[in-house]
1. How big is Rg to Rh over the stretch 75-185, alpha-carbon atoms, Rh as the Kirkwood inverse-mean-distance radius?
2. At a Förster radius of 35 Å, what calculated FRET efficiency corresponds to the Cβ-Cβ distance of A61 and R161, to the nearest 0.05?
3. Given contacts defined as C-alpha pairs under 8 Å and at least six residues apart, what's the relative contact order of the chain, whole-number percent?
4. Compute the helix-to-body angle for 86-96: its Cα long axis versus the longest principal axis of the chain, expressed 0 to 90° and rounded to tens.
5. Measure out, as a whole number of angstrom, how far apart the alpha-carbon centroids of the stretch 403-453 and the stretch 332-388 sit.
6. Report, by chain and number, residues whose modeled amide H sits under 5 Å from the one on G167, excluding near sequence neighbours (fewer than 5 apart, same chain).
7. What value, in deg cm²/dmol to 500, does the helix sum -39500 (n - 2.57) over DSSP H runs of n ≥ 4 give at 222 nm once divided by the residues of the chain?
8. Can you work out ³J(HN,Hα) from phi for every residue in the stretch 422-433, in order, using Karplus 6.51 cos²θ - 1.76 cosθ + 1.60 and θ = phi - 60°, giving whole Hz and x for Gly and Pro?
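Here, each number is a calculation from the coordinates, and none is a lab measurement. These figures come from a predicted structure and were not determined experimentally. In this analysis, Cβ positions are derived from the backbone assuming ideal geometry, glycine residues included, and neighbour counts consider all displayed protein chains.
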Amino acid sequence: MNVINRTAPENLREKHIEILKKKQSTLFLNHEFKISEETTEASNPRESDIQHAACLLDRFAPLLTDLFPELAKTNGIIESELTPIKDMGRRLSELAGVDLKGSYWIKGDHALPVAGSIKARGGIFEVLAFAEKLAFENELLTESGDYRLLKSDKARELFGRYTVTVGSTGNLGLSIGVAARALGFAACVHMSSDAKTWKKERLTQRGVQVIEHRADYSEAVRAGREEAESDPYGYFVDDENSRSLFLGYSVAALRLKQQIEKAGLTVDAEHPLFVYLPCGVGGAPGGITFGLKHVFGDSVHCFFAEPVESPCMTLAMLHQFARYPSVYEIQLSNTTEADGLAVGRASELVGDIIKNMLSGSFTVPDDDLFLYLYLLKEIEDIQIEPSAAAGFAGPGLLFGSEAGQAYLADGDLFNALENAAHIIWTTGGSFVPAAEYEKFYRKGLKISSPNNG
Ligand SMILES: *Cc1c(COP(=O)(O)O)cnc(C)c1O
């Protein structure tokens, strides 16, 4: 395990970048991390913005129940479960060769209804917020009105004039495409080269225009932005710069708070909460971190997980979130089976907001993703996609690396570890076709027992 020191970031940057280039699983601490009493800047966005986002989702709930029958059981709320994974936690301990103290849970966004991934939170929120704005401007609706009116021919005719466009590695396209089409918008998704074929097909079947690019995610986003800007009826969901997406994700924290209470868990200084979040451009894990910090303050510790070939947010963090390069500039390929995380350059908007909130980030080789994917199926009978497996490396790195030990010592956390809860955020997977999943699973099986075939 690599030795990482939290002091003197400038002097260590070169060394850390050399470590990144070795493409091994490594935990890095965030030098800009501050406890809440050290932060002086007023927060932007504000806490009330999270509440406003939650209220918008509540207003739309009756309409969503009508549009998506699978939401009937939750009355139109798109939410996932918090599930204990005691046996998987034990297995992670064995793998790490250290006693991973505390309780282990997953936050199962792999099973989020409608979109099948964490993108259901931000993506659907942004489409709804745009629809609401149009409806208000055109006096089809007031905030206290019946949102099911938006199913009317008049509303659909209005929405049908607009095209919602997005650039995506796959899952954001699914989320935006499905939500936009359900309301009657035209939808166009610019897909990066790493997007899986089944994701493109699923969208085409729903009447979404899919434009394939041979280039990476940033290029797909750029192409989408350009196209939408030249169209007066175009609306672009900007995954690299969207406050709306970010706030949609942040609502997860309010919901998780309720689930934590319901599960009988306590989160406070003596009962810390560690959360491990797979990171692509940063919006989803960033929005959730922002929300969790508002809810739990210094008692929550958020770590991001990235593929070894696409550590874009780690790289931003090593540059104090300012003037940072892309992963290509340090000779990494941005090629990974974790398509949801295949992003070469992190969002500046997100970096700015979370720079004092993020505890650290870690990298994971693809082989480990498949191993965790396989073990989660074997041990807990839960199916996820490779991107969603990245967080499982976190606890082993926190307990088993010098960087992790330094973090725990700095935060005076050793005495609280017995009472800690660890939540691994599983971010996607329930829509993966069976044949595709089978391939992932077999790969994981092979990695878990290299001598059997
Ligand atoms: C998009 C995605 C993420 C990360 O979200 P970002 O906003 O890109 O950081 C994580 N997991 C899955 C499955 C995703 O699709």
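1. Working: Rg = 19.7 Å, Rh = 16.5 Å.
With Rg and the Kirkwood Rh in hand, the quotient comes to 1.19.
2. Working: r = 26 Å, r/R0 = 0.73.
Computed FRET efficiency for A61 and R161: 0.85.
3. Values: 948 pairs, mean separation 102.8, N = 453.
Reported as a whole number, the value is 23 percent.
4. With both axes taken from Cα atoms, the answer is about 50 degrees.
5. 10
6. H190, D239
7. Working: 16 runs with 201 residues, N = 453.
For the chain, the value works out to -14000 deg cm²/dmol.
8. 10, 10, 9, 8, 8, 9, x, x, 5, 8, 4, x
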